C-alpha cells in the first residue's frame, strides 16, 4: 500500500503541482519521477499505474504537471520548452533534497515528456546519485510530432500563430513554441543506460528515428510493442509497459530488449 499527498513546488515564477506517493512501511530504495506526455497530466492512467506498481517495490514516486497541463495554474507562464525543462529540473532537485540517502533516481517519461527529459538530461546527470531512464515513445523530433498531432502544415500554423488544443484541458500552442521545438532535436547520444519503449504502429514517431536513436545510444535497450499505437491504448499494452519498466528499474535488464 502507498500513501499519496499533493504538493505545490514554486521555484522562481513557476508553480508545479505534484503528487508524491510513498510506501506505507517506509524503506524507500529509489525515487521515480513520472513525466507525462503532450496534453496529458500526472493523472494519466500509465503515470498512476507506475506509481502504484513501483510503490510495491519500495519506491517513492513523484509525478507532476507541465505548464498548461493538468492542475497547473492559469498564469502568464505559457507552454514553452524552457518552462517544461525548468519544471522537470526543479522536481528532480526537490526529489534529491527529499531523499538524499537514496542512490537511484529513476525517470519514466512518455512522448513529449520523454523529449523534455532528453533535452534536460545533461543537467539531470549533474545531480548526485545514479540515474535510470525509461522513455516510452520518445518524440525525438517533437516539432514534426506536433504538426502530426495538430493535423496542420508548418505554413498554415505560421499564418494562424496559435492553436487551442482541447485534450484533458484546453490550452494554447503557439507557433513560437513550434519554433522552439525546432531548435531542440533530441537525437543525441547519452552516457547512461536507458530503456526505449515504442509502439509498432506509432503514426507520429517514425521507426527510423527510434532505431537511429537506439544506435547512437550504445547503452540503451529497445523494445517494440507489437500492434501498439502511439498512445498505447490497445489491450495489454500498459501491462507490458509496467512490467518492462519495473524490471528495468529493479534489474536494469529486460528479456525482450532489442526485440527489433
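Side notes on the structure shown:
- Candidates 135, 48, 167: whichever shows maximal mean-square fluctuation once the chain is modelled as a Gaussian network with Cα springs under 10 Å: 167
- Helical runs (DSSP H, four residues minimum) scored at -39500 (n - 2.57) apiece and divided by the length of the chain put the mean residue ellipticity at 222 nm at -11000 deg cm²/dmol.
- Taking the fewest neighbouring Cβ atoms within 10 Å as the starting point, the ordered list for 229, 59 is 229, 59.
- The stretch 106-180 and the stretch 4-54 have Cα centres separated by 19 Å.
- Relative protection proxy for 80-91, 17-28, from highest mean packing down: 80-91, 17-28 (other beta-carbon atoms within 10 angstrom).
- Each label point was placed 7 Å from the Cα along the Cα-to-Cβ direction; for residue 6 and residue 28 their separation is 2.0 nm.
- Calculated FRET value between residue 78 and residue 122, using beta carbons and R₀ = 30 Å, to 0.05: 0.80
- Answer label for Cα extents along the principal axes in Å (calculated), chosen among (1) 55, 43, 35; (2) 51, 46, 37; (3) 131, 63, 24: (1)
- The mean sequence separation of alpha-carbon pairs under 8 Å and at least six residues apart, normalised by the residue count of the stretch 24-173, gives a relative contact order of 26 percent.
Readers should treat all values here as calculations from the given coordinates under stated rules, not as data from a laboratory. Small disclaimer: the values here were computed from a predicted structure and weren't measured. Note that we place each Cβ from the backbone using ideal geometry, even for glycine, and neighbour counts take in every protein chain shown.
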